[in-house]
1. Report every pair of residues separated by at least 6 positions or lying on different chains whose Cβ atoms are under 8 Å apart, first residue within the range 76-100 and under 17 Å from Cys136 (Cα atoms) and free of Cβ contacts under 8 Å to residues at least 60 places away in the same chain, second assigned to a helix (DSSP H, G or I) and open to solvent by 90 Å² or more (accessible area, probe 1.4 Å).
2. In the range 152-167, how many residues are surrounded by 19 or more Cβ atoms within 10 Å (Cβ to Cβ) and in a helix (DSSP H, G or I)?
3. Residues of the range 168-194 being among the aromatic types (Phe, Trp, Tyr) and open to solvent by less than 60 Å² (accessible area, probe 1.4 Å), which ones?
4. Going by the structure shown, is Val114 hydrophobic (A, V, I, L, M, F, W, C), at pLDDT 95 or above and touching a helix residue (DSSP H, G or I) at 6+ places or on another chain (Cβ under 7 Å)?
5. Read through the list (1) acidic (Asp, Glu); (2) open to solvent by less than 50 Å² (accessible area, probe 1.4 Å); (3) under 15 Å from Ser189 (Cβ atoms), then give the number of the only condition that Glu140 fails.
6. In this structure, is Thr149 more than 21 Å from Ile67 (Cβ to Cβ) and either of a type in the set (D, E, K, R) or open to solvent by 30 Å² or more (accessible area, probe 1.4 Å) (or both)?
7. Of the residues that sit in the range 88-134 and are over 18 Å from Thr146 (Cα atoms) and in contact with a Leu (Cβ under 7 Å, 6 or more places away or on another chain), which one is most open to solvent (accessible area, probe 1.4 Å)?
Amino acid sequence: MAREPQRPVEPSEPSGTGSHGHDTGAETGTGTGTGSSTGSGTGSERHGGEGTAKKGTAKKGAVREGIGKGPGTLLVTLYGIFTVGAASRSIVQLTTRFEEAPLAYVLSAVAALVYAFITLSLVRGGEKARRAALGCCCVELLGVLTVGTWTLVEPSAFPDATVWSDYGMGYLFIPVILPVTGMLWLRRSRAAAH
């Protein structure tokens, strides 16, 4: 009985091809991971930057809204009243009887300007306005103490009273209490904003 001819054995593929495939897949996976981590990191930094910007804006908003709100509303009201009162009084005095007591009437006009500036600063709000109002409160307190002492030491220099005469005794000493209260509030509002 005749034997069948043997079929030639086909050479198998080199094993390196499979390894190469695995290496390629591994490299693909590495690239994917790198892209994911880079994208995530960039997104986190972006969100972090936005959060910092929002915090800064919130602080500015707190300062802007803070100095004229709460107890600041009372300060705005009192300074507004004193602005109108001192301004109207000084205008009448300067235009009708300036020669009677020029120093007193000029000082009343200066007091009205100081009150008006502080009122506008409190209403406007903001860090710059807060600093301006704080500086004006210091000037106001210095003026009240100086004029008050002057009127007691040399009353003949003031034939007529000013807003700051006798430390504001004619106005229940509010002119000397107001700047101290204003300075305390403005410092407190700055600490609260930070």
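1. These pairs meet every condition: Val76/Val123.
2. Qualifying residue count for the region: 2.
3. Going through the range 168-194, the residues among the aromatic types (Phe, Trp, Tyr) turn out to be 171, 173, 185.
Result: Trp185, single match.
4. On the way: hydrophobic (A, V, I, L, M, F, W, C): yes; at pLDDT 95 or above: yes; touching a helix residue (DSSP H, G or I) at 6+ places or on another chain (Cβ under 7 Å): yes.
Taking the combined requirement at face value, the residue satisfies it.
5. (3)
6. Values: more than 21 Å from Ile67 (Cβ to Cβ): yes; either of a type in the set (D, E, K, R) or open to solvent by 30 Å² or more (accessible area, probe 1.4 Å) (or both): yes.
It is true that Thr149 is more than 21 Å from Ile67 (Cβ to Cβ) and either of a type in the set (D, E, K, R) or open to solvent by 30 Å² or more (accessible area, probe 1.4 Å) (or both).
7. Here is the first cut: in the range 88-134, the residues over 18 Å from Thr146 (Cα atoms) are 88-100, 116-134.
So of that shortlist, the ones also in contact with a Leu (Cβ under 7 Å, 6 or more places away or on another chain) come out as 122, 130, 133-134.
Working: Leu122: 4, Arg130: 6, Ala133: 0, Leu134: 30 Å².
Among them, the one singled out is Leu134.
The values are calculated or read from the model by the stated rules, or taken from the named source; none is laboratory data. Here the structure is a predicted model, which is why all the values come from computation and not from measurement. No Cβ is skipped: glycine too gets one built from the backbone with ideal geometry, and neighbour counts run over all protein chains shown. The protein model used for the area step is the full one, side chains on, heavy atoms only, and it has no ligands, DNA or RNA in it. Shrake-Rupley method; radii C 1.70, N 1.55, O 1.52, S 1.80 Å.
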